[in-house]
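Down below is the structure, laid out as structure tokens.
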Amino acid sequence: LVLGGGIAGMTAALNISRQGFPVTVVEKQPQLGGMARSLHHTIEGADVRAFITSLIEDVTNDEKIDILTEAEVVDFDGFQGNFTTELALGAGREPRVIDHGVIVVATGANEYRPKEFLYGEDLRVMTQVELGDRLHDEGAADLSTVTMIQCVGSRNEENQNCSRICCQNAVKNALDIKKLNPETQVFVLYRDMRTYGLLEDYYTAARKQGVIFIRFDQAHPPRVEAGDDGLQVFVKDHVLQQEIAIASDLVVLSAGVAAADTENVSRIMKLNRNPEGFFIEAHVKLRPVDMGSEAIFLCGTAHGPKLISEAVAQAQAAASRAITFLSKDSIKLSAIKAQVDVENCVKCLTCV
């Protein structure tokens, strides 16, 4: 059973089915694809839409994969190799019971919906994902100045962790703007730029193409004010040690990654989550794709924010662990059974 029909879930399902094991993919939404349906291309230039279309086609045409959309887990029982999950399907909530040996959790994540910087009040304020749509549909010919604000919805009191992928997303869109219209001024207001690994090269490329990076202090965040002639962004420059104003056509918020609503799944299937709502692996180094219970595996952004390439690699690892388990003819379970000793029972009901 694979919970989630995004890139990680579909990749895991395909890897397992190609080893000869039947798979049921459970997706909450009416269609497969997950958050990746909102993306156009990676920072390296790979076409996300083409990849998603190909992946959905492969999963749909695989005879060993059963796809259930608009489905939710309503009950769960069993143990490793012998799980039973009850689902509710469609608007009519038609019940379906699935018997399965392993579980792959790939419930995904969403983009944080900002409450800051006039988002939702002014259409000229948008998220990086929404900017990607705008650049794809309308280009950047009409843009004179674009200001991006980092760490929106991350590294704050509500979500103390860094969302990892926001910085590369900002750099990706900044490079796209410069490619579409080299005359557009792009400002990136940041606390710390975290283009980790080889992504540092794209940060360097953005600097060379004239993207201006301005660092701000958490104690003095930027302010956005709306006017008829555009948006004004005020930020204290740490070099000049004074506040500067940037007249902007668009203000783009690098919104963090928010965990999907998995409270019911977590409660019903007794799966551990961290305070941010992401599922937790059994051991970060020794069992990185296993969960606390045997035969339950984890991959993709259900585990935490990550790039598509990282989600695919982790999905392949989870599938490999699942196949290792499924390939055994039999497994040994503990033969210990609890029984009530009637003579010594004081009827405290603790066991109940």
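Just so you know, all these numbers are worked out from the coordinates, no wet-lab data involved. In this text, all values refer to a predicted model and were calculated from it rather than measured experimentally. Methodologically, a virtual Cβ is constructed for each residue, glycine included, from the backbone with ideal geometry; neighbour enumeration extends over all protein chains shown.
Once you have a ≥ b ≥ c as the square roots of the Cα gyration tensor eigenvalues for segment 179-323, tell me rounded if a/c is under 1.5, and otherwise prolate or oblate according to whether a/b is larger than b/c. The shape class here is prolate. Only alpha carbons enter this Debye calculation for segment 1-70, each as an equal point scatterer, and the log10 of I(q)/I(0) it gives at q = 0.29 Å⁻¹ is -1.30. With only the Cα atoms considered, the chain has a convex hull volume of 189 Å³ per residue. For segment 166-247, the equivalent ellipsoid derived from the alpha-carbon gyration tensor has semi-axes of 22, 17, 11 Å in decreasing order. The phi torsions of segment 85-93, fed into the Karplus equation with coefficients 6.51, -1.76 and 1.60 and a -60° offset, translate into couplings of 10, 9, 10, 10, 10, x, 5, x, 6 Hz, rounded to whole numbers, with Gly and Pro shown as x. Using θ = phi - 60° in the Karplus curve 6.51 cos²θ - 1.76 cosθ + 1.60, the 3J(HN,Hα) couplings for segment 203-210 round to 4, 4, 4, 5, 4, 5, 8, x Hz; x is entered for Gly and Pro.
The separation of segment 218-260 from segment 71-104, counted between C-alpha centres, amounts to 47 Å. Charging the Cβ of each Asp and Glu at -1 and of each Lys and Arg at +1, and nothing else, the dipole of segment 237-311 about its Cα centre rounds to 440 debye. Shape annotation for segment 89-213: C-alpha extents along the principal axes are 58, 32, 30 Å, from largest to smallest.
Convex hull volume of the C-alpha atoms in segment 103-148, normalised per residue: 110 Å³.
Taking only DSSP H segments of four or more residues, each worth -39500 (n - 2.57), what value at 222 nm results for the chain once the sum is divided by all its residues, to the nearest 500 deg cm²/dmol?
Roughly -7500 deg cm²/dmol at 222 nm, from the helical runs in the chain.
As a size descriptor, the averaged projected area of the C-alpha convex hull of segment 20-141 was calculated at 11.3 nm².
Think of each Lys and Arg Cβ as +1 and each Asp and Glu Cβ as -1; about the Cα centre, that makes the dipole of the chain roughly 1080 debye.
Taking amide H positions as modeled 1.01 Å from N, with prolines and chain starts lacking one, the residues under 5 Å from residue 25 and 5 or more places away or on another chain are 2, 66, 67, 68.
Tell me, in nm to one decimal, what length is gained between residue 198 and residue 293 on full extension, where the rule is 0.36 nm per residue of separation less the Cα-Cα distance? Roughly 30.7 nm would be gained on extension. Only one residue of 345, 51, 188 has its Cα farthest out toward the positive end of the dipole of the chain, where Lys and Arg carry +1 and Asp and Glu -1 on Cβ, and that residue is 345. Computed from the Kirkwood radius of its Cα pairs, the Stokes-Einstein diffusion coefficient for segment 151-210 at 37 °C and 0.692 mPa s stands at 266 µm²/s.
Rounded if a/c is under 1.5, else prolate if a/b is larger than b/c, else oblate: which is segment 212-258, with a ≥ b ≥ c the root eigenvalues of its Cα gyration tensor? Verdict is oblate for segment 212-258. Above 15 Å, the calculated P(r) of segment 288-348 contains 64 percent of its Cα-Cα pairs. Gain on full extension, evaluated as 0.36 nm per residue between residue 41 and residue 328 minus their Cα-Cα distance, stands at 99.3 nm. Applied to segment 57-69, the Karplus parametrisation 6.51 cos²θ - 1.76 cosθ + 1.60 on θ = phi - 60° returns per-residue 3J(HN,Hα) values of 5, 5, 5, 5, 8, 7, 5, 8, 10, 9, 9, 10, 9 Hz, with x for Gly and Pro.
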